[in-house]
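Structure first, then comments.
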Amino acid sequence: MTARLIDGKAAAATLRARVAGVVHRFLAATSRAPGLAVVLVGEDPASSVYVRAKGKATIEAGMQSFEHKLPADTSEADLLALVDQLNADPAVDGILVQLPLPAQIDANKVITRIDPDKDVDGFHPTNAGRLAIGLPGFVACTPLGCLKLLRAELGDLSGKSAVVIGRSNIVGKPMALLLLGDSATVTVAHSRTKDLASVVRQADIVVAAVGRPEMVKGDWLKPGAIVIDVGINRVDGPEPGKTRLVGDVEFASAAQVAGAITPVPGGVGPMTIACLIRNTLVSAARREGFVLENDL
Ligand code: NDP
């Protein structure tokens, strides 16, 4: 392996510790802790793991965690009523409704019902629009975490050529806008892109958010490229009956060519949760008029 390993776990621990330090001062100044409400509908095992991890990180940062676990057959009206209640609750600074939602609930309707100023996931159309036109708002946690890793690795992204593979509303599109905001030259690739390998080969920065195990190969990369692998894919492991996690990038071959690369697990995933905690603190600070001296 020639690439540097981008340690997302360590970067996330640093960000979380910084947030915890500011939470301490926020508490002293306002006599309350920032609060994050997480809503889980049903018992999807992966979603339950994420919700538990988010609750734990919230408490470790000195914030209040409000967990709402609703049965899988919850009606859309009942979930919307809970969102209304959380919107009105002054102790709640951030609201996150864990996706995916059961089929009887329209996820867009629920996301749009969240107060944009408590939408710490950054999925509300108002926040997507703010990002698109460069206004302050909440940015989706996964692409925000990727941006922080890239800035830490490269410093200035200005003039770098970046390829984002994937154009979802929660990863690919906001990622492309964030890179554009940092003055990278951005290409967004997707399932209709022709000759993806040669598109990727132009890039100084590659962000893979596809959901296809180990699709991006080492020989697609420009030597020295910085590779951020967002993918989380469960595949069969070497031992029968055991699965393992892999990214959207074939790590072994990519690490021979890239300048630096995130591992899966331990890369982007931990930064996503750290950014959620960060966004919740930013929300609380805005709502209380508490000045954050440094950009978190
Ligand atoms: P989506 O399924 O919403 O989007 C996938 C994107 O990849 C689409 O834009 C699709 O193109 C594109 N795509 C699919 N196949 C190809 C192909 N063969 N070549 C090029 N592009 C292709 O996924 P998400 O954005 O939600 O997630 C992407 C990955 O990131 C998943 O593995 C997910 O588990 C992971 N993830 C990880 C997070 C973390 O915290 N680490 C958080 C969120 C997601 P088209 O639009 O044309 O269909």
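The values are calculated or read from the model by the stated rules, or taken from the named source; none is laboratory data. Just so we're clear, the structure is a prediction, and the values are computed from it rather than from any experiment. Glycine also receives a Cβ, built like all others from the backbone with ideal geometry; neighbour counts cover every protein chain displayed.
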For the structure I just gave you, tell me whether residue 183 is within 14 Å of the ligand (Cβ to nearest atom) and assigned to a loop (DSSP other than H, G, I, E, B). no
When restricted to 170, 273, the only residue of a type in the set (Val, Ile, Thr), out of contact with any strand residue (DSSP E or B) (no Cβ under 6 Å at 6 or more places or on another chain), within 14 Å of the ligand (Cβ to nearest atom) and in a loop (DSSP other than H, G, I, E, B) is 170
*asked:* Given the criteria out of contact with any strand residue (DSSP E or B) (no Cβ under 9 Å at 6 or more places or on another chain) and either surrounded by 17 or more Cβ atoms within 10 Å (Cβ to Cβ) or not in a loop (DSSP other than H, G, I, E, B) (or both), does residue 121 qualify?
replied: no
Of the listed residues (35, 42, 21, 8), the one being on the phi > 0 side of the Ramachandran plot, modelled with pLDDT of 95 or more and not hydroxyl-bearing (Ser, Thr, Tyr) is 42
Checked 282, 227, 249, 268 against criteria (more than 10 Å from the ligand (Cβ to nearest atom), under 20 Å from the mean Cα position of the chain (by Cα), buried (at least 19 other Cβ atoms within 10 Å of the Cβ) and within 30 Å of residue 33 (Cβ to Cβ)); the one match is 282
If you go through 162, 176, the only one that is of a type in the set (Gly, Ala, Ser) and in a helix (DSSP H, G or I) is 176
Scanning region 255-265 for residues that are in contact (Cβ under 8 Å) with a residue 40 or more places away in the chain and closer than 15 Å to residue 233 by Cβ, the one farthest from the ligand (Cβ to nearest atom) turns out to be 263
How many residues of region 138-165 are of a type outside the set (Phe, Trp, Tyr), crowded, with 24+ Cβ neighbours inside 10 Å and away from the ligand (no atom under 15 Å from the Cβ)? The answer is 1
The number of residues in region 186-199 that are within 10 Å of the ligand (Cβ to nearest atom) and within 18 Å of residue 146 (Cα to Cα) is 2
For strands (runs of 3 or more DSSP E) lying entirely in region 1-113, having 2 or more residues that are under 17 Å from the mean Cα position of the chain (by Cα) picks out 35-41, 94-97
Filter region 208-224 for residues that are within 10 Å of the ligand (Cβ to nearest atom) and under 17 Å from residue 252 (Cα atoms); the one that is surrounded by the most Cβ atoms within 10 Å (Cβ to Cβ) is 208
